[in-house]
Amino acid sequence: DDIDVSFGVFQAAIRRTAAAVYEPDQVEAWAGPPRTDLSRWDARRRHASTLVAEVDGSVVGLADLLPDGLVDMLFVHPRAGGRVLPARC
């Protein structure tokens, strides 16, 4: 249910946070188009166990754990980066 929002976190993390340490062409290759058909994004999330982090009801991060135990993605929105938040499960 968080496809648009999780894709937005992914884009912001790469285009804003990672842009500080990667070259512009690397950022573009990694992030891909800012607007795209999200069916592939959705399929990847459904193949993994995707966890989302929320602050005050807004998604600020995501992580994917694949069936073999690999952490495939871990992204935090720039507005939430560097913060220590209480853990809730």
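The values are calculated or read from the model by the stated rules, or taken from the named source; none is laboratory data. Predicted, not measured: the structure shown is a model, and the values here were computed from it. Note that each Cβ is placed from the backbone with ideal geometry, even for glycine, and that neighbours are counted across all protein chains shown. Calculation scope for accessible area: heavy atoms of the full protein, side chains included, ligands and nucleic acids excluded. Shrake-Rupley method; radii C 1.70, N 1.55, O 1.52, S 1.80 Å.
What the table below lists for this structure:
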read-out	value
All helices (runs of 4 or more DSSP H) inside region 1-77 with 3 or more residues being touching a Phe, Trp or Tyr at 6+ places or on another chain (Cβ under 9 Å)	3-12
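For (1) free of Cβ contacts under 8 Å to residues at least 60 places away in the same chain; (2) in contact with a Gly (Cβ under 8 Å, 6 or more places away or on another chain); (3) of a type in the set (Lys, Arg); (4) open to solvent by less than 60 Å² (accessible area, probe 1.4 Å), each residue gets a yes or a no:
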site: Thr17; (1), (2), (3), (4): no, yes, no, no
site: Arg35; (1), (2), (3), (4): yes, no, yes, no
site: Asp42; (1), (2), (3), (4): yes, no, no, yes
site: Val55; (1), (2), (3), (4): yes, no, no, yes
site: Ser58; (1), (2), (3), (4): yes, no, no, yes
